[in-house]
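K.L.:
This is the structure I have questions about; it appears just below.
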Amino acid sequence: MQPLRDAWTRVLGGAWAAGQCGLAAACAWAFSTGVLGHTRPFFASVAAVVSLGLTAGGRLRRTAELAAGVSLGVAVGDGWVAAFGQGTWQIGVVVTLSLLVAVAVNGGGLAVSQAAVQACFVVALPRTPNSGFHRWQDALVGGTIALLVAALLPPDPWKDARRLRQHYLTDLAGVLHDTAAAVRSGSSTAAAEALARGRMLEPVLGRWSASLAIGREAARLSPIRRDKGDPRDTRLLEPLTRATRNLRVLVRRVTVALESGQPLPHDLPELLDDLATQLDPATAADDAAGPLIELAGRLDPDVLGATALSGQVVVAQLRVALVDILEGIGLDHDRAREALPTLRT
């Protein structure tokens, strides 16, 4: 049953994009037949589907690049067939020309390949007598309609951002819980494994940032997607990026301390677990500011007994990370720093 549930989840996830492709293909066909009078506008529907694809929630720029690539390939192929006919050597020449022209206009990888593929179709498929450049016109129609559908009927532009935020916070909390467990058990191997998992989180930050840019673009261009998304995403991303770097330094220092037998603050596992609890969306308080401020107030190196170098480094990294996280949830820098105990000189 699990494979069926997974398949159904994937279907639900792709339903909106599939519907966009179907709508764009039908509209492109209808426009070319009803308005332009073309008899079988195959390339109108093809251009619409290729330009949108099942990643229609991506950037409009990508859709525009693919539409341009398809139209370019059809134009080169149509022009060559009109002058030199169809055949084996014509396909070779048309593919070469389409690739070179697409590269010359600085097309992306997908746009370049689609230019060549569509040029192959144009040469291979029978040409309607006296059709002129109908196929190129159809490709332009399909690409234009794909852009309109992508702009006017985008999926929820913030869905990926919300998912990636929750995914990232959950995994980061898991790294902190694992580090706390490593300190309790005195296992440097477990700490090293937690550090390795922490390093693997970096690409998620990049995807989260990209999803926010896509959301802003869709909200700006679409008349039905004017919401600006969850402000926590934009506000939290940069401070959390800084905090994560400091927390990775903390985990690395914990690993070194456990390997070399240096003492760490006795309360460190509890501090890490408490921070993880407030980061994890599944366990965080509705208003995490209070618990995080209380946690920051416990980060006094002297009270924690951070006398050895590793203990001092760990507490220092935790202090800096807490300031960044507090800024990410809305506190200004001065208020966040005031939550920390004053260091004694």
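K.L.:
Among the residues of region 138-178, which ones are small (G, A, S) and over 23 Å from A192 (Cβ atoms)?
P.N.:
Restricting attention to region 138-178, the residues satisfying the condition of being small (G, A, S) are 139, 142-143, 146, 150-151, 161, 173-174.
Across region 138-178, the qualifying residues are A139, G142, G143, A146, A150, A151, A161.
K.L.:
Among the numbered criteria (1) polar (S, T, N, Q); (2) modelled with pLDDT of 90 or more; (3) not in a helix (DSSP H, G or I), which one does T342 miss?
P.N.:
If we test T342 against (1) polar (S, T, N, Q); (2) modelled with pLDDT of 90 or more; (3) not in a helix (DSSP H, G or I), just (2) comes out false.
K.L.:
Need the failing condition index for I293 against (1) surrounded by 21 or more Cβ atoms within 10 Å (Cβ to Cβ); (2) part of a helix (DSSP H, G or I), just the number.
P.N.:
So I293 meets the others, but not (1).
K.L.:
If you take the residues in region 144-183 that are over 23 Å from A243 (Cβ atoms) and more than 24 Å from the chain's Cα centre (by Cα), which one is surrounded by the fewest Cβ atoms within 10 Å (Cβ to Cβ)?
P.N.:
For region 144-183, the residue satisfying everything is T144.
K.L.:
Between a first residue in region 276-302 that is touching a residue at least 60 places away in the same chain (Cβ under 8 Å) and a second residue that is in a loop (DSSP other than H, G, I, E, B), which pairs have beta carbons less than 9 Å apart while being 6 or more apart in sequence or on different chains?
P.N.:
Sorted first by the residue in region 276-302, then by its partner, the pairs are A276/T283; T277/T283; T277/A284; T277/A285; L279/A288.
K.L.:
So, in region 306-330, exactly how many residues are in contact with a His (Cβ under 8 Å, 6 or more places away or on another chain) and either not hydrophobic (A, V, I, L, M, F, W, C) or not in a helix (DSSP H, G or I) (or both)?
P.N.:
First, the residues of region 306-330 that are in contact with a His (Cβ under 8 Å, 6 or more places away or on another chain): 323, 327.
Remaining after also requiring either not hydrophobic (A, V, I, L, M, F, W, C) or not in a helix (DSSP H, G or I) (or both): 327.
Residues meeting the conditions: 1.
K.L.:
Within region 250-268, which residues are in a helix (DSSP H, G or I) and crowded, with 20+ Cβ neighbours inside 10 Å? Quick ask: steps written out before the conclusion?
P.N.:
Taking region 250-268 first, the residues in a helix (DSSP H, G or I) are 250-260, 268.
Passing the criteria: L250, V251, R253, V254, T255, A257, L258, L268.
K.L.:
Of the residues R184, R163, R207, only one is modelled with pLDDT of 85 or more, among the basic types (K, R) and in a helix (DSSP H, G or I); which?
P.N.:
Numbers: R163 fails: modelled with pLDDT of 85 or more; R207 fails: modelled with pLDDT of 85 or more.
Result of the check over R184, R163, R207: R184.
K.L.:
Could you list all residues from region 305-323 that are in contact with a Pro (Cβ under 7 Å, 6 or more places away or on another chain) and either modelled with pLDDT under 90 or not assigned by TED's automatic domain parsing to the domain that holds S188 (or both)?
P.N.:
G305, A306, A308, G311
K.L.:
Modelled with pLDDT under 95, part of a helix (DSSP H, G or I) and of a type in the set (D, E), is that true of D156? Show your work before the answer.
P.N.:
Working: modelled with pLDDT under 95: yes; part of a helix (DSSP H, G or I): no; of a type in the set (D, E): yes.
Taking the combined requirement at face value, the residue does not satisfy it.
K.L.:
Also, quick follow-up: Could you go through region 323-342 and let me know if any residue there is farther than 14 Å from L292 by Cβ and in contact (Cβ under 8 Å) with a residue 40 or more places away in the chain. Please lay out each step first, then the result.
P.N.:
First, the residues of region 323-342 that are farther than 14 Å from L292 by Cβ: 332-334, 341-342.
If we keep only those that are in contact (Cβ under 8 Å) with a residue 40 or more places away in the chain as well, we get 341.
Within region 323-342, one or more residues are farther than 14 Å from L292 by Cβ and in contact (Cβ under 8 Å) with a residue 40 or more places away in the chain.
K.L.:
Which of the residues spanning region 269-294 are among the aliphatic types (A, V, I, L, M) and closer than 21 Å to Q166 by Cβ? Don't jump to the end; show me each part of the working.
P.N.:
We begin by selecting, within region 269-294, every residue among the aliphatic types (A, V, I, L, M); these are 271-272, 275-276, 279, 282, 284-285, 288-289, 292-293.
Matches in region 269-294: L272, L275, A276, L279, A282, A284, A285, A288, A289, L292.
K.L.:
Working only within region 1-36, note down all residues that are modelled with pLDDT under 75 and not in a helix (DSSP H, G or I).
P.N.:
Matches in region 1-36: M1 only.
K.L.:
Count, please, the residues in region 269-290 that happen to be assigned to a helix (DSSP H, G or I) and under 20 Å from A191 (Cα atoms). Quick ask: steps written out before the conclusion?
P.N.:
Step one: of region 269-290, the residues assigned to a helix (DSSP H, G or I) are 269-279, 289-290.
Then drop every residue that is not under 20 Å from A191 (Cα atoms), which leaves 269-277, 279.
Matching residues across region 269-290 total 10.
K.L.:
From the list A104, A56, pick out the single residue that is assigned by TED's automatic domain parsing to the domain that holds F43, closer than 13 Å to A146 by Cα, out of contact with any Leu (no Cβ under 6 Å at 6 or more places or on another chain) and at pLDDT below 80.
P.N.:
A56
K.L.:
Those residues that are out of contact with any helix residue (DSSP H, G or I) (no Cβ under 6 Å at 6 or more places or on another chain), surrounded by 17 or more Cβ atoms within 10 Å (Cβ to Cβ) and of a type in the set (A, V, I, L, M, F, W, C), I need them from region 305-317; list them, please.
P.N.:
Answer for region 305-317, where residues must be out of contact with any helix residue (DSSP H, G or I) (no Cβ under 6 Å at 6 or more places or on another chain), surrounded by 17 or more Cβ atoms within 10 Å (Cβ to Cβ) and of a type in the set (A, V, I, L, M, F, W, C): just A316.
K.L.:
In addition: Kindly indicate whether R216 is within 27 Å of A336 (Cβ to Cβ), modelled with pLDDT under 85 and surrounded by fewer than 17 Cβ atoms within 10 Å (Cβ to Cβ).
P.N.:
Numbers: within 27 Å of A336 (Cβ to Cβ): yes; modelled with pLDDT under 85: yes; surrounded by fewer than 17 Cβ atoms within 10 Å (Cβ to Cβ): yes.
Yes, satisfied.
The values are calculated or read from the model by the stated rules, or taken from the named source; none is laboratory data. Computed from a prediction, not measured in an experiment: that's the story for all the values here. Virtual Cβ from ideal backbone geometry, glycine too; neighbours counted across all protein chains shown.
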